[in-house]
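Working notes for the structure below.
The values are calculated or read from the model by the stated rules, or taken from the named source; none is laboratory data. Since we're looking at a predicted model, the values are computed, not measured. We place every Cβ from the backbone using ideal geometry, glycine too, and count neighbours over all the protein chains shown.
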C-alpha cells in the first residue's frame, strides 16, 4: 500500500465518520427543539436571572450550531467524487440536508426562535422530517443487510436497496448519485442565496434610520 492509497483511505474514513456523525447531530438538534417545554420547566428552578438567560441562550444556540454543522458536512459531501468514494444513502441524505438548510434559515432569519411564530413550528417539522429521511436512508440503505447475511439468506429486497441507492454502488448507485447531485446541489445553492438575502434584509431592517 503506497502513500496515495493511505491518504485516500484516511480521507474516505474521515468523510464517512463526519457524515455518520452529522446524522446524530441532526437528531440531537431536533431533540433540543422538541424539549423546549422541558427546558422551560427546568428554567423555573434557576434562581438568578443571569442563569436563566444563559440557560435559554445555550439551549437555543446549541440547536442552531448543530444544524449549521449538519449543513456544512452535507455540503462538503455533496459532490460526485466524494459521493462515489463513501457510502451514502441517495437521495435520502442530500434531501435531508436541504430540509435542514431551510430549517436553519427559518430559525436564524425568519423568527423561527420565537415559539409564537409559525416559522418556529415549520422549522421544527422540517428538522423532524429530515431526521426521518436520514433514519430511513441509514437503516435501510447505508447499513442494509451485510454481504455475509445475504450470502446465506438471499433477499431481493436488501440487494436492490444496496445496489440502487448506495452512492458508491457501481453502476446504478453512481447514476443515482449523479442525478441526486444535479437536482440537490442547485437547490442547496438557492437555499444559501435565500439565507444570504434574508440575513442582509434583517441587517438592513435593524439599522437605525436617519
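Scanning the stretch 53-73 for residues that are within 19 Å of residue 13 (Cα to Cα) and crowded, with 24+ Cβ neighbours inside 10 Å gives a single hit, 70. Residue 6 meets each of the listed conditions (1) modelled with pLDDT under 80; (2) more than 30 Å from residue 92 (Cβ to Cβ); (3) part of a helix (DSSP H, G or I) apart from (1). Looking only at residues in the stretch 83-101 that are more than 11 Å from the chain's Cα centre (by Cα) and in a helix (DSSP H, G or I), the one that is nearest to residue 171 (Cα to Cα) is 84. The residues of the stretch 107-123 that are over 14 Å from residue 199 (Cα atoms), touching a residue at least 60 places away in the same chain (Cβ under 8 Å) and surrounded by fewer than 20 Cβ atoms within 10 Å (Cβ to Cβ) amount to a single one, 115. For the residues 200, 150, 126, 104, the requirement of being at negative phi, assigned to a helix (DSSP H, G or I), surrounded by 12 or more Cβ atoms within 10 Å (Cβ to Cβ) and at pLDDT below 95 singles out 150.
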